[in-house]
Structure formats: C-alpha cells, structure tokens
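The values are calculated or read from the model by the stated rules, or taken from the named source; none is laboratory data. Since we're looking at a predicted model, the values are computed, not measured. Cβ: placed from backbone, ideal geometry, glycine included. Neighbour counts: every protein chain shown. Ligands, DNA and RNA are stripped out before the accessible areas are found, and what is left, the full protein with its side chains, is counted by its heavy atoms. Shrake-Rupley method; radii C 1.70, N 1.55, O 1.52, S 1.80 Å.
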Amino acid sequence: MEDETLETKWGAGQMKMVDKHAKGELMEAKGGRGFVHPISLILHPSKTYGMSRALVDFIIVMSVLLLLSFLAEAQEISKEQIKGLDEQVQEIKSDVLGIAAELSQLEEKLLYPSNTQVAVFVALAAGETFRLDSVEVQLGGKPVAHHLYTFKELEALQKGGVQRLYTGNIRTGEHDLQVSYAGKSQGGADLRRTENFKVHKDIGPRIVEISLAAHTITFKDR
Amino acid sequence: MAATVPAPTATAAPAPKSLKDAYFGEALYYALQGQWFDAIARLDAELAQHHALDEPQLDTLYYHINQAEFAVGDFELAYRMHHRAGRAIVRVIEGNVEEPVRNEAVFRLARIYFQKDQPVQALYAVERIRGAVPPQIRDDLAFLRAQILMANGRFVEAAHILRELQAARGLEGFSTYNLGIALLKDGKEQEGRNFLDRAGQIGESSAAALAIRDKSNLVLGSKLLEERDFERAKQLLDRVRLSGPFSNRALLESGWADAFQGRFERALLPWSILVDREVTDAAVQEAMLAVPYAYGKLNVHSKAALMYGSALEKFITEIDKLGDSIKSIREGHFLRALVREELKQDANWVVRLRNLPQTPETYYLLDLMAAHDFQESLKNYLELEELRTKLAAWESDLDAFEELIGQRRAYYQPLLPAIDREFRRLDSQMRLRLEQRDRIEQRLEAMLVAPRPDYLATGAERIAAEGIARLEGKLAAAGAAVPGAIEARIRRLRGLLHWNIYTQYDRRLTEAHKNLHDLNQAMDLLKRRYTAFVRTRQAATQSCEGYDDGIRRKRILIRGARETITELMARQGHMLETMAVNELSRRREHLEEFQIKARFALADSYDRATRAQTQERVGR
C-alpha cells in the first residue's frame, strides 16, 4: 500500500500526459502489462536493495510529514480574491488619474498661465527614417530645452507620436526661436541642422509645432 | 489539452496619417512607449477640454475625435483598467456614430470581455455586430469570434470560421492551431491532428509563429506519446526547436519516446542535452534521473551510480536553495527586488531578476511568472508602486507650489497698494481723456451737417477775438462816441478774423479729422496698455490668491490615495508572496520525491555494480 502511494505521488508530479502513465505503472506493477513510465520502475520502493525496512519507513514517513507541513503553510488563492483585488486596483488607478488631471490644471494655472504660455512640440516628418540623436531649442537667444533621444522615444516619434519638448512663459510680442538637431542618416552620415522662426505671442497660449526631416525643419504656430 | 491561443495584438493605436492636434500626438507619444498612465492622463484632459467647447468643430481634435475616443479606451485596456475601457467604448457605441465605427467599438468591447474571462458576455457583444465592418479589423474580428465560440463550447461554428481564416495575414499558425484544437474538441480527431500537424510545419519566421509551431508539435507529440505511438511522437517532438520555450519539455519527451521502445542509447541523446541545462527547470531535473536510468538499462551501473549520486547532490542543493528562497520571500526580499528601478529599463527583466543578488527565489519562478494570474498580480503590484512614487512626488510638488505662492504673495503684497493707487489716478485721467475725445468726435460729426467754423478757430484767433471784444467793451463802457477810424479798424480786424476762419474752414475741418484719426490711434494704444495692465494686475492676484483651498483638497486626496495604495500593495504583495511560496513549496516537494527516488536508485545501482564486479571477479 505504501508502495502504491509513492507510485501515485511520482506520477502526479509529471507533466499532464503522465496522468495516464501513472495508471500504466500500476498496471505494469500488478499485471506486467500496459504502458510503463520506465523511471518509476527504477524507483520502485518495493525493491529496497539492501536498505533496511526501517530506513524505508522513515523516508516514507518523512515524505508524508513534509507534504503535510507544506499543505499546512500553503494558502490557496482563489480567482475571486484575485479579481476582487484587481477591481480595487482599477479603482485606485482611476482615482489617481483624477488627481493627476486636477494637478495638471493647477500646474498650468500656476506655472504657465495662458497669457504667457508657449509650448514647443516636436515631431518627425512622415516617412522619415533618419536617427535623431538630440534636439536643442533656444528662445530669445537663450537655450530653453535640450533633449537626447532614447531608442524608445525615437521609435515613438517615428510611429507618429509628438513630443512636447518645452513649456514656458514669454511676453506678448515677437520672439526668436531657434531649433537645432543632430542625428545620423540611414547611411551613417552625420546630420546637423539649425533653423530660425519668429514666434508671435498674443493673449492666448501659443503652440509651436516643429517637424524634423533629414534636410529641413518646418515650423507651424497657432 | 492546450487551450486556444490568442494571436498577438497591437498595443497602441497607430497615429493618424495627418495629425492635426499636437496634444493627441503627445498622448500617442507616451502610449507608443508603453507609458499608459501619462497617455491616459493627457488624452483624458484633451478630450475633456474638447467636449467642454461651445464649438468643438473649431478644435483641432475634432478631426481625430473618433480615433481619440477609441484610443483612450485602448490605453485604459493596456493599463488594465477594463471597467473604464468598457465604459469608454460603450459611450462610443451609444453615440451617434457610423456603422463601421460602432462595429469596431463592439469588437473592442467583446475583446475586453474575452480577455477578462467572460465568454458569455463576449459572445453577446460580438453577436451585436451587424453590417459594415472596417476592413482592417475584419480578420481579427473573425478570429476573436472563433475564440469566443470555442470558449462557449461551440466548436463547430468556431471551426467553420477558422477554416475561412487559414490564409489570413498575421494569423498564420494561430488560426491553424486553434482550428486543430476546435476539431479535436468537436470529436473530429484525425482532422484536428492534421491541422495541428500543419501548424507544426508553418514556414513563418516571426518569434510568435515559431512559438506556436513549437507548441503545436509539443501538444500533438505529447498526445501521440500518451497513445504510445512512439515513432510518430518522436518525429513531432524532434521538430521543436532546441532553443525555444518548449524545448526542454520536448527533449524530455523525445527521450521517453525512445526509452519506451527500449532504445536507451538513442534516448540518451536528447536527455544528455537536457541534463546540462538550467537545473531549476522541472524537465531538466527529471532528465537528471532519466539519464542514469538509461545507463542502468544499458548495464553501465557504475556510471549510473555516479550520475545518481551527482543528481542527489544537486537535488539536495536545490532543496536548500528552495528553502532559502521561501525564507527570503517571507523576509520581503522578493517584493523589494521586484520594484528595483534598474529592472524597469529592461524588457527582459524577468530573466534579469534571476541574476540579482538576494533574490534566489526567482530561479524557480519563471514558470509561475508566465502564469496569467501571477502576471496580472505582479503588474498590479508594479503599477501600484508606480502610483505610490507618483503620489509622493506630487505631494512634494504641492509643497513647492505652496512655497512659490508664498514667495509671490510676499513680493506682490507690499507693491500692490501703491500700484493700485497710481492705477486709480491714471484710470480717472484716462476716462477724462476718453470723454474729451468722444466730445470732439461728436462735434466734428455735427459740423458735417451744420458747419461751425468758429469751433475750428485757432488759439491765436480766439485770443485776438477776445481782445477785440474787450476793446469794444471798454469803448462801450466809456459811454463816449467811438471815433470812426477806430470803429473801422475794429471792424476790419474782426472781418479779417472772420475771413480767415470761414475761408480756411474746409482745410481746418479736414485737418481736424486727421488729428482725430491720430488721436484714435493714440487712444487704441492707451486702451491696449490699459488692458495689458489690467490683465497683468489680475495675473498678479491670480498667481498667489485662491489656491489654498484647492491645494488643501488635493493634499487630502493624495493622502487618501496613498493610504489606499499602501493597503492594496500590502495585500497584493502578500498575494504574490503566497503564490511564490506555494510554487516553491510545490517544487520543493517534487524535488524531495526525486531525492528519495535518487537515493533508492543510487543504492540499487551500487548494488548492481558491486554484484557485476563480484561476478566478473568470480568469472576471472
């Protein structure tokens, strides 16, 4: 009986297909026919090969004790528990998104009021495949933004994403904007380009959209 | 039997060909990097602003509004906010949209239900699709429909759809594998096997296609092995790549396919490859017993004994390692390792996690980490940690805002009373001047109808006229008769003045209009400066007043959210730890069984080897 218990445990530890193998083992052990999982034969504890019966009993008892101790400490986690917690996580995400929205409104009002706000967005021209390494923006002759691109950021730009590179404050009136970029062409040649643009700031927030291509930089403001 | 396999799906909505709204583009920029929180936050803000407009058709988002509504649902889905994503999509469905847009929305809703293991609702949703479907989702919709039907046990209909999808691009292998499974479930055993066999031979080279090819071969190979068709099982198992995720299992079973036929030398080939692999893998551990078993069967008992001994040592080491891992998890090392910053930079972080010091537990958790429940719980934990970091940063942002507001207040408060006084003085002067200008304008307009040359007399002329009038007054007051010569001179002077005023009237009127025009320009400048001053003055007040309540409220919200997150992280962390401990305990139990068996087998092999040597000696 003990022998059979061990056999079954061994079988249960195998991959799914072994469920049937385990039955085969028993068939083999009892009737000498059917499908046999060979490794179980070498481990058949009825063949103690010189080990004392007491030692075998000890090993079996220890195995059972270990199994029982495992069962005692294992806490099964139900699908409902996982689902319930997941729903609470979804709720807190929603709450935090709400806080983020309020904070971004506060930040905009406090730091970038609409009468002085200017935002500079950068995109890659459609179909551009050159590798953009860095972009620098100068406003009124002063550097205000410099960005080095990671692979992920570059990929996002190439897929049509638009990066807000700079948000700041300027007076109403006309301002010089200078944009420079550095990169590499597909052939590996260095690419560097600088272009200037006049930003006309009036009462409302001003958005400048910059489109980078291998040989041109185009500007659009609204 | 393996369940259905979903085809790989796109994670972020593609950008429109001609992007007109930079803020929508910004949300896509974050989404394309997998930064879902930032993507949702930005797109939510943009959509809220758009919907609050009186004339949304003038907004640049108007051109992308349908795509943006979908995108926010997609981002929420990717951020695993299924409830919100579902609500966003239902809004699209219930809105006044065209049939293809509505059908695409229903498709997305059905996908959410399916992913959330709600096949009945998914089926209900997908059955609402009627009429035109956008061409780009046609195959994906059919594939989803088939998966949903399979999940609802309707294998005949699923198989019918999957048959139609055999040539669909992007679904190569997936449609064939699922068709095989659907047919098997429908009882069409041979046909199902044929499709699994076909999926196991697809020529695609993408990682996903290769993985499904391996899976098909392993599933079918295992099935044949179960049925004791060893020769064919081996053929299929040997198709599995040696480097793929299913290779260990395939090598193990390939060895058994030989061993079951008594071909132990051949069985040693895959097992010997396997036995040198990562010792924590269950298949490798089984191979560590299988190899000496094969040597035993080949009557090489001494080698078998040595290898059993080596396996036993390794099992003991691994059991100790598992014990250490369970202890380490209970001490919180596992959770601390999971949130290490450097791991987030690496897409292959689960593998890198194994190499970190103080995280021995992760050696045995790769299988567990691949399980859906664990993955979802782990993502929740990591996202909660991300939110916790954000909230902490925001709280210090609020401190900075308060300091900024305090500094602004300290700067403006002493200045503003004097500025306001000066402004009031200038304001009254300005109003006076504006009234004067208005009067002049009214007069000039009246003079166009009823000319009044006297209004346009110069200053000198007015003084002269007043001098003449004064002289006349004096003469009249004297009472004496005015000499004729003087009277004539006075009349002449008055006549001269009159002549000049009347003859120059037209020119003077033109000049007056010109001057009024110049005055208007000066007044416009004045008004602009006035408006700019008023705005700046308002901005000065707005930059430091009216924030206290808002900031206090946000602090309360942040504090509440932080408390909730701390509690949820503790619960989610405990759940992860429990899952990990359960998995490690299961593996330890398994190894302990192996250990017992290795001990018996070791003793047996020594016994046999000794007997063989004795017999050899006796024979000699």
Tell me, please, whether a residue that is of a type outside the set (S, T, N, Q), open to solvent by 20 Å² or more (accessible area, probe 1.4 Å), touching a helix residue (DSSP H, G or I) at 6+ places or on another chain (Cβ under 9 Å) and not in a helix (DSSP H, G or I) can be found in region B:207-220.
-> no
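Which residue is most open to solvent (accessible area, probe 1.4 Å), if the candidates are limited to region A:179-209 and must be without any contact (Cβ under 8 Å) to a residue 40 or more places away in the chain and among the polar types (S, T, N, Q)? Steps first, please.
Our first condition is that a residue be without any contact (Cβ under 8 Å) to a residue 40 or more places away in the chain; within region A:179-209, this holds for A:187-190, A:192-198, A:200, A:202.
Within this subset, residues satisfying the condition of being among the polar types (S, T, N, Q) are A:194, A:196.
Values: A:T194: 75, A:N196: 104 Å².
Step by step, filter region A:179-209, then rank; the result is A:N196.
What are the residues in region A:135-158 that are under 25 Å from the mean Cα position of the chain (by Cα) and under 16 Å from A:L212 (Cα atoms), if any? Spell out how you get there, then give the answer.
Of region A:135-158, the ones under 25 Å from the mean Cα position of the chain (by Cα) are A:147-158.
Across region A:135-158, the qualifying residues are A:H147, A:L148, A:Y149, A:E153, A:L154, A:E155, A:A156, A:L157, A:Q158.
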Per the filter on region B:269-286, residues within 13 Å of chain A (Cβ to nearest Cβ) and over 41 Å from the mean Cα position of the chain (by Cα) are B:W271, B:E286
Is it true that some residue in region B:46-60 is at pLDDT 85 or above, surrounded by fewer than 19 Cβ atoms within 10 Å (Cβ to Cβ) and touching a Ser or Thr at 6+ places or on another chain (Cβ under 8 Å)?
-> no
For B:L584, work out the one condition from (1) within 8 Å of chain A (Cβ to nearest Cβ); (2) buried (at least 21 other Cβ atoms within 10 Å of the Cβ); (3) of a type outside the set (F, W, Y) it doesn't fulfil.
-> (1)
For the subset of region A:113-138 comprising residues that are under 18 Å from A:R222 (Cβ atoms) and assigned to a strand (DSSP E or B), which member is farthest from the other protein chains (Cβ to nearest Cβ)?
-> A:V137
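Looking only at region B:66-85, how many residues end up being of a type outside the set (D, E, K, R) and open to solvent by 10 Å² or more (accessible area, probe 1.4 Å)?
We begin by selecting, within region B:66-85, every residue of a type outside the set (D, E, K, R); these are B:66-68, B:70-73, B:75, B:77-79, B:81-83, B:85.
Applying the additional criterion that residues be open to solvent by 10 Å² or more (accessible area, probe 1.4 Å) yields B:66-67, B:70, B:77-78, B:82-83.
Final tally of qualifying residues: 7.
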Among the residues of region B:282-326, write down those that are in contact with a helix residue (DSSP H, G or I) (Cβ under 9 Å, 6 or more places away or on another chain) and of a type in the set (D, E, K, R).
-> B:E286, B:K297, B:K303, B:K314, B:E318, B:K321, B:D324
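Any chance you could count how many residues in region B:513-522 are open to solvent by 20 Å² or more (accessible area, probe 1.4 Å) and touching a residue at least 12 places away in the same chain (Cβ under 8 Å)? Let's see the steps before the verdict.
Step one: filter region B:513-522 for residues open to solvent by 20 Å² or more (accessible area, probe 1.4 Å), giving B:513-515, B:517-522.
Next cut, touching a residue at least 12 places away in the same chain (Cβ under 8 Å) only: B:513, B:519-520.
Selection size over region B:513-522: 3.
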Result of the Cβ filter at 9 Å on region B:397-420, keeping first residues that are within 12 Å of chain A (Cβ to nearest Cβ) and within 18 Å of B:T536 (Cα to Cα) and partners that are open to solvent by 60 Å² or more (accessible area, probe 1.4 Å) and part of a helix (DSSP H, G or I), at least 6 apart or interchain, is B:I405/B:D548
Would you mind telling me which numbered condition in (1) surrounded by fewer than 13 Cβ atoms within 10 Å (Cβ to Cβ); (2) within 14 Å of another protein chain (Cβ to nearest Cβ) A:L212 fails?
-> (1)
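In region B:14-43, how many residues are in contact with a helix residue (DSSP H, G or I) (Cβ under 6 Å, 6 or more places away or on another chain) and touching a residue at least 24 places away in the same chain (Cβ under 8 Å)? Please lay out each step first, then the result.
Let us first name the residues in region B:14-43 that are in contact with a helix residue (DSSP H, G or I) (Cβ under 6 Å, 6 or more places away or on another chain), namely B:15-16, B:19-21, B:23-24, B:26-27, B:29-33, B:36, B:38-43.
Of the ones still in play, those that are also touching a residue at least 24 places away in the same chain (Cβ under 8 Å) are B:16, B:19-21, B:23-24, B:27, B:31, B:36, B:39-40, B:43.
The qualifying residues number 12.
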Taking interchain pairs and intrachain pairs at least six residues apart, which have beta carbon atoms under 7 angstrom, with the first residue in region B:563-583 and polar (S, T, N, Q) and the second open to solvent by 10 Å² or more (accessible area, probe 1.4 Å)?
-> B:Q572/B:Y381; B:T578/A:Q75; B:T578/A:I77; B:N582/A:A74
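Of all residues being within 14 Å of chain B (Cβ to nearest Cβ) and of a type in the set (V, I, T) in region A:139-169, which is nearest to B:L43 (Cα to Cα)? Just the residue, please.
Quick first cut of region A:139-169, residues within 14 Å of chain B (Cβ to nearest Cβ) only: A:147, A:149-167, A:169.
Next, from what is left, pick out any that are of a type in the set (V, I, T): A:150, A:162, A:167.
Details: A:T150: 23, A:V162: 13, A:T167: 17 Å.
Per the criteria, the residue is A:V162.
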Name every residue in region B:367-395 that is of a type in the set (A, V, I, L, M, F, W, C), touching a residue at least 60 places away in the same chain (Cβ under 8 Å) and either facing chain A (nearest Cβ under 10 Å) or open to solvent by 30 Å² or more (accessible area, probe 1.4 Å) (or both), in order of residue number.
-> B:F374, B:L384, B:L387, B:L391, B:A392, B:W394
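For B:I93, indicate whether it is in contact with a Lys or Arg (Cβ under 6 Å, 6 or more places away or on another chain), away from chain A (no Cβ under 13 Å) and either in a helix (DSSP H, G or I) or open to solvent by 20 Å² or more (accessible area, probe 1.4 Å) (or both). Give the steps one after another, and end with the answer.
Numbers: in contact with a Lys or Arg (Cβ under 6 Å, 6 or more places away or on another chain): yes; away from chain A (no Cβ under 13 Å): yes; either in a helix (DSSP H, G or I) or open to solvent by 20 Å² or more (accessible area, probe 1.4 Å) (or both): yes.
When the stated conditions are applied, B:I93 passes them.
Only one of A:K159, A:K93 is closer than 30 Å to B:K116 by Cβ and surrounded by 19 or more Cβ atoms within 10 Å (Cβ to Cβ). Can you tell me which? Break it down stepwise before answering.
Values: A:K159 fails: surrounded by 19 or more Cβ atoms within 10 Å (Cβ to Cβ).
Within the list A:K159, A:K93, the selection yields A:K93.
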Residues that are open to solvent by 60 Å² or more (accessible area, probe 1.4 Å) and under 33 Å from the mean Cα position of the chain (by Cα), drawn from region B:398-430 = B:D399, B:E402, B:E403
